[in-house]
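The values are calculated or read from the model by the stated rules, or taken from the named source; none is laboratory data. Everything numeric here is computed off the predicted structure, so don't read it as measured data. No Cβ is skipped: glycine too gets one built from the backbone with ideal geometry, and neighbour counts run over all protein chains shown. Accessible surface areas use protein heavy atoms only, side chains included; no ligands, DNA or RNA. Shrake-Rupley method; radii C 1.70, N 1.55, O 1.52, S 1.80 Å.
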Amino acid sequence: MCGIVGYAGEQTSKDVLDVLLDGLSGLEYRGYDSAGVAVANSSLDVYKREGDLSTLEESLPEQPPNGFAGIGHTRWSTHGPPSDANAHPHTDCDDRIAVAHNGIIDNDQELRDALEADGHVFESETDTEVIPHLVESAIDQGADVETAFRRAIDRLEGSYAVIAVRSGSEALYAARHHSPLIIGIDGDDYYLASDVSAFLGYTEDVIYLEDGQFATVRPAGVEVTDERGALVETSVETVDWDPEDAGKSGYDHYMLKEIHEQPHALRECLRGRPQGLENAVLLEAVADVTEPKRVHFVACGTSYHASLYGARLVRERGIPATAFLASEYDSDVIPIDGDTLVVGVTQSGETADTMSALRDANGAGGTTLTVTNVVGSSAARESDHVMYIRAGPEIGVAATKTFASQQIALAMLSSALTDDCSQEFVDALRALPDQVQSVLDDSRARAIAGEYVDSDAYFFIGRGYCAPVAREGALKMKEITYKHAEGFPAGELKHGPLALVTDRTPVFAVVNRESNPEKMIGNVKEVESRGAPVIAVTDTPEAVRNHADHVLGVPDTHWRFTPVLANVQLQLASYWVANRLGRSIDKPRNLAKSVTVE
Ligand code: F6R
């Protein structure tokens, strides 16, 4: 996820570049693929590089000039791959205005076309670059820089936290909409950042900007205004954080932080894709893919579970679809031809098994599509088509928010591939971020997990659309607790696993009112009668209450999306068992975030 920092201070007090680099190192934990700074003095010095901060630092001149004010950015690519040119800050044609931006501008293409028609020359593939050119264009029409900044922001659609600086000026101009921006105050020194970890070493006094607000920050003071330009009264708050914890935003583990980031991740994944009015899902990735005769999903681990879910969705809409473990995919035994769409699902885009399956499919003449979180990753580069899930960086080894985003990305893909979409489906998709938030707010998983920390093993069962999340629940539990856990379609219980069920093996049963609830309750009774504690994760509590020791409820949704919500409860249950056991949750033993060996 991108990070922003800005500094405007008394010129004698600090070296602007030092403060910006410090700020960027405080933002590193968010994950990034390039970094840059712009320092305003009589001109504008911009330094930016693909790679980490040390690469940027090595590229700096030996004695860079000090300045009046500056901005910095760590970039996590969304529009255009990681490169020096795509790194922020971005500038206008005359290098007078520099801008750093977090978020996504939905109408960037339209703005870029208009600006290019007016003679503006772009140097990057980013959506952000339209902003300095819009500011430039307003200045050229006679506006002062503050008005020009406001006019530029008014033309943006999407989400943004933006900071701009101008050559020869000691002021920073900032605005936010659906992306955080915070002002730090230390006497006559002012900081701006997307999160406080960028300036916690300097001050704990902050003003939180609200959506729709603008701020002009100078060493002489801060002025915050609303959308119409009226002054807003702000209050200074004190941040009660140990800088050590800031990277995790106060959470004990990245995993818990990332579980809580899911509403935001889902909003990003959905942005601009479901079209309510037309009852359609617009996916650039498949705009020129003709409806395939069959779809193969290839993936590993958690991404395979998302693929099982995706394959079911595609099948249900009439195209034969199968999810394969990437390590088992082999064109010698699995027929692939030009009518086969092979979808590689991989959050990292680097998993060796998935890469090998995609290369195999490419070689055999299939059409390949990668669904990934990482722009410019190997899978993205080597596939015919790519769809980004936009979950932001995931640092915990156990995949959480990327799984949630994969699920809804594949739901949208199934719809776009088949042109099969209802108003109900679109509405339900759009409601998911808020519903995930309500699961997070009301979950009792922590208390329930506490009762089963000493169990011998954990079982996870579900049917239909809920079977893949049962597998995923078990994978999460075993990865981070180091305890035995198994997940499978509930009908399989009596064909073997039931032999292991005792009063020391809690069973998590995902019960969806549309996926054969009667049969599911039959399965619940099977384990209940063997003394196993039952934790029902369900949208239909009344139906299971009599047979379950605990119920973890999820809100009503389109029945295809119940597993997206149920999974959040399962993630929390695993997290809290592992937490009570004192496990190394973010880096479980023997596991790596990106598995680049076959
Ligand atoms: C589990 C987990 C792994 C990955 C698997 C594939 O929490 O993260 O099972 O899902 O290694 O990784 P990607 O999605 O990067 O291909």
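Between helix 352-363 and the chain, what is the angle of the helix's C-alpha long axis to the longest principal axis, kept within 0 to 90° and rounded to the nearest 10?
90 degrees
Roughly what % antiparallel, to the nearest 5, for the DSSP beta bridges in the range 494-598?
Values: 0 of 9 bridges.
The antiparallel fraction comes to roughly 0 percent.
Hey, what's the range 511-598 come to in accessible area per residue, 1.4 Å probe, Å²? Let's see the in-between values first.
Numbers: 3800 Å² over 88 residues.
For the range 511-598, the solvent-accessible area averages 43 Å² per residue.
Using a 1.4 angstrom probe on the protein heavy atoms only, could you order Cys421, Cys466, Cys93 from most to least accessible area?
Values: Cys421 25, Cys466 0, Cys93 60 Å².
Sorted by accessible area, descending: Cys93, Cys421, Cys466.
Relative contact order of the range 420-520, please, whole-number percent, based on alpha carbon pairs below 8 angstrom and at least 6 residues apart. It would help to have the intermediate numbers written out before the result.
On the way: 111 pairs, mean separation 30.6, N = 101.
Relative contact order of the range 420-520: 30 percent.
For the range 1-55, place one equal point scatterer on every Cα, skip the solvent, and apply the Debye formula. What is log10 of I(q)/I(0) at q = 0.15, 0.22, 0.28 Å⁻¹?
The Cα Debye sum returns log10 ratios of -0.43, -0.86, -1.23.
Could you tell me what percent of the accessible area of the chain is made up of carbon and sulfur, with a 1.4 Å probe and every protein chain present?
On the way: 9800 of 22760 Å².
Using a 1.4 Å probe with all protein chains present, the chain comes out at 43 percent carbon and sulfur.
Ordering Leu308, Leu200, Leu325 from largest to smallest accessible area (1.4 angstrom probe), what's the sequence?
Working: Leu308 40, Leu200 15, Leu325 75 Å².
Accessible-area ranking of Leu308, Leu200, Leu325, largest first: Leu325, Leu308, Leu200.
Give me the percent relative contact order of the range 342-479, please, defined on Cα pairs under 8 angstrom at least 6 residues apart. If you can, show how the numbers build up before the last one.
Values: 126 pairs, mean separation 20.0, N = 138.
The value is 14 percent.
Tell me the per residue accessible area of the range 270-343 using a 1.4 Å probe; a whole number in Å² is fine. Present the calculation step by step, with values, prior to reporting the outcome.
Values: 3350 Å² over 74 residues.
Normalised by residue count, the accessible surface of the range 270-343 is 45 Å².
I need the Debye-formula profile for the range 555-598: one equal scatterer per C-alpha, no solvent, reported as log10 I(q)/I(0) at q = 0.16, 0.20, 0.23 1/Å, two decimals.
-0.65, -0.77, -0.83
Give me the lysines in straight-line cross-link reach of Lys401: C-alpha distance below 28 Å, same-chain residues under 8 apart excluded.
Lys248, Lys257, Lys476, Lys478, Lys483, Lys587, Lys593
Sort 55-63, 375-383, 258-266 for me by packing, meaning the mean count of neighbouring Cβ atoms within 10 Å per residue, highest on top. The partial results should precede the final answer.
Numbers: 55-63: 11.7, 375-383: 20.7, 258-266: 23.4.
Listed from highest to lowest mean packing, they are 258-266, 375-383, 55-63.
With each label point set 7 Å from Cα along the Cα-Cβ vector, what nm distance links Glu514 and Asn66?
Here the answer is 6.5 nm between the modelled labels.
Under 20 °C and 1.002 mPa s, how fast does the range 524-598 diffuse according to Stokes-Einstein, given a Kirkwood radius computed over C-alpha pairs? Answer in µm²/s, whole number.
Details: Rh = 14.9 Å.
For the chosen part, D equals 144 µm²/s.
For Glu10 and Lys593, compute 0.36 nm times the residue count separating them, minus their Cα-Cα distance, and round to one decimal in nm. Spell out each step's value before the answer.
Numbers: separation 583, 0.36 × 583 = 209.88 nm, distance 4.32 nm.
Gain in length upon complete extension: 205.6 nm.
Any chance you could list P(r) for the range 111-232, counting all Cα-Cα pairs in 10 angstrom bins from zero, rounded to whole %?
Values per bin, smallest distances first: 13, 43, 33, 11, 1.
Binning at 20 Å from 0, report for the chain what percent of all alpha-carbon pair distances ends up in each bin.
Over the chain, the share of Cα pairs per 20 Å bin runs 20, 49, 27, 4 percent.
Pull up the DSSP beta bridges for the chain and report the antiparallel fraction as a percent, rounded to 5.
Details: 63 of 102 bridges.
If we restrict to bridges inside the chain, about 60 percent are antiparallel.
When the helix-only estimate is applied to the chain (DSSP H runs of n ≥ 4, each -39,500 (n - 2.57), divided by the residue count), what is the mean residue ellipticity at 222 nm, nearest 500 deg cm²/dmol?
Numbers: 17 runs with 195 residues, N = 598.
My calculation for the chain gives -10000 deg cm²/dmol from helical runs alone.
If you restrict to DSSP beta bridges whose two residues both lie in the range 325-412, what percentage is antiparallel, to the nearest 5? If you can, show how the numbers build up before the last one.
Working: 0 of 10 bridges.
Of all bridge pairs located within the range 325-412, approximately 0 percent are antiparallel.
Along the Cα→Cβ direction, 7 angstrom out, place labels at Arg545 and Glu28. What is the inter-label distance in nm?
Rounded to a tenth, the inter-label distance reads 5.3 nm.
Treat the range 297-401 as a sphere of radius equal to its Kirkwood radius over Cα pairs and apply Stokes-Einstein at 10 °C in a medium of 1.306 mPa s; give the translational diffusion coefficient in µm²/s, rounded to a whole number. Please list the in-between numbers first.
Details: Rh = 13.6 Å.
D = 117 µm²/s.
Kindly sort His177, His385, His484, His88 by accessible area of their heavy atoms, largest first, with the probe set to 1.4 Å. Display every interim value, and only then the final one.
Working: His177 60, His385 35, His484 95, His88 10 Å².
Largest accessible area first, the list is His484, His177, His385, His88.
Exactly which trypsin sites (Lys or Arg not before Pro) in the range 501-598 are in a DSSP loop and have at most 12 other Cβ atoms within 10 Å?
When the trypsin sites (Lys or Arg not before Pro) of the range 501-598 are filtered for loop state and at most 12 Cβ neighbours within 10 Å, Arg589 remain.
Tell me which GluC sites (Glu not before Pro) from the range 274-366 have a DSSP coil assignment and no more than 15 other beta carbons within 10 Å of their own.
In loop regions of the range 274-366 (DSSP not H, G, I, E or B), the sparsely surrounded GluC sites (Glu not before Pro) are Glu278.
Give me the one-decimal nm value for the distance between modelled label points at Ser438 and Asp454, 7 Å along each residue's Cα-to-Cβ direction.
Between Ser438 and Asp454, the simple spin-label model gives 3.8 nm.
Ignoring everything but the protein chains, give the 1.4 Å probe accessible area of Asp330 in square angstrom, nearest 10.
60 Å²
How do the peptides 567-575, 225-233 rank, highest first, by the average count of neighbouring beta carbon atoms within 10 Å per residue? Walk me through the numbers before you get to the answer.
On the way: 567-575: 27.8, 225-233: 10.6.
Peptide ranking by packing, descending: 567-575, 225-233.
Please pull out the direction-averaged projected area of the range 458-598, using the convex hull of its alpha-carbon atoms, in nm² to one decimal place. Don't skip to the end; give the middle numbers.
Values: hull surface 36.1 nm².
Mean orientational projected area (the range 458-598, Cα hull): 9.0 nm².
What's the long-distance tail for the range 363-434, i.e. % of Cα pairs beyond 20 Å? Could the numbers behind the result be given before it?
On the way: 1040 of 2556 pairs.
The share of Cα pairs beyond 20 Å in the range 363-434 comes to 41 percent.
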